[in-house]
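Before anything else, here's the structure in question.
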Amino acid sequence: MINKIAQHWPVLRKIFIGLLITSFFAVALYLRIAFPYDVVFGGATVRYTGVDAYYHMRIIDSLAHNFPHLSSVDPYMIYPGPGGTSSSFPFFDYLVAGIIWMIGLGSPTQHTVDMIAPYFPPVLAALTVIPAYFIGKTLFNRWAGVVAAGLVAILPGEFLGRSILGFTDHHVAETLFSTTALMFLILALKNA
């Protein structure tokens, strides 16, 4: 019996670590969705948890209904006349609106937009657990990667505050994409 376990230990260890990372992903989602759920979806309309979320949701809503055409005028931008939208390419807004447009099969309803967009930051934050694990694993060992993934999932602070349900802003996407880029850089340097 012990010989069989010792023989299959590398496979069992990979399965155990995979289950741990999956559970960290689930815990990260739960922390970011369960607690603010009643605040976001408790009323007649969706209440976003950040001021910038309303700005991004105007752009996402317009993009989802007119995909891929971005409105060049934002009537709320500069008082008393309308201002132009940001000169930079709104990748985050296109990403969210594109996913909403695909789920809505090219003609998303307002309900589809209101139900998908608030969940985007928690999902991106939970996905950050994966590159955090691989960074820790590559730099130190598997268990350091597991600890890093667990800490990313549960630690309080700005990352948790900006990745809760309804905080539809680009900060979590920046964190996920920069962490993933750093992971690939570390992997490339280690393998070079």
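The values are calculated or read from the model by the stated rules, or taken from the named source; none is laboratory data. Quantities reported herein were computed from a predicted structural model and do not represent experimental measurements. Heads up, the Cβs are rebuilt from the backbone with ideal geometry, glycines too, and the neighbour counts pull from every protein chain shown. The protein model used for the area step is the full one, side chains on, heavy atoms only, and it has no ligands, DNA or RNA in it. Shrake-Rupley method; radii C 1.70, N 1.55, O 1.52, S 1.80 Å.
Please work out if residue 112 is at pLDDT 90 or above, more than 21 Å from the chain's Cα centre (by Cα) and either surrounded by 19 or more Cβ atoms within 10 Å (Cβ to Cβ) or assigned to a helix (DSSP H, G or I) (or both). Give the derivation first.
Details: at pLDDT 90 or above: yes; more than 21 Å from the chain's Cα centre (by Cα): no; either surrounded by 19 or more Cβ atoms within 10 Å (Cβ to Cβ) or assigned to a helix (DSSP H, G or I) (or both): yes.
Considered against the rule, which asks whether it is at pLDDT 90 or above, more than 21 Å from the chain's Cα centre (by Cα) and either surrounded by 19 or more Cβ atoms within 10 Å (Cβ to Cβ) or assigned to a helix (DSSP H, G or I) (or both), residue 112 comes out as no.
For region 137-146, enumerate the residues that are open to solvent by less than 50 Å² (accessible area, probe 1.4 Å) and either over 16 Å from residue 186 (Cα atoms) or of a type in the set (D, E, K, R) (or both).
146
Could you list, in sequence order, all residues of region 116-129 that are in contact (Cβ under 8 Å) with a residue 24 or more places away in the chain and either surrounded by fewer than 23 Cβ atoms within 10 Å (Cβ to Cβ) or part of a helix (DSSP H, G or I) (or both)?
117, 118, 119, 120, 121, 122, 123, 124, 125, 126, 127, 129
Of all residues in region 40-68, count the ones that are in contact with a Leu (Cβ under 8 Å, 6 or more places away or on another chain) and either surrounded by fewer than 19 Cβ atoms within 10 Å (Cβ to Cβ) or over 19 Å from residue 102 (Cα atoms) (or both).
Qualifying residue count for the region: 3.
Of the residues in region 147-175, how many are closer than 17 Å to residue 130 by Cβ, of a type in the set (Val, Ile, Thr), open to solvent by 10 Å² or more (accessible area, probe 1.4 Å) and touching a residue at least 24 places away in the same chain (Cβ under 8 Å)?
Going through region 147-175 one residue at a time, the tally reaches 3.
Then there's this: Filter region 42-95 down to the residues that are over 17 Å from residue 115 (Cα atoms), assigned to a loop (DSSP other than H, G, I, E, B) and among the aliphatic types (A, V, I, L, M), then identify the one that is modelled with the highest pLDDT.
70
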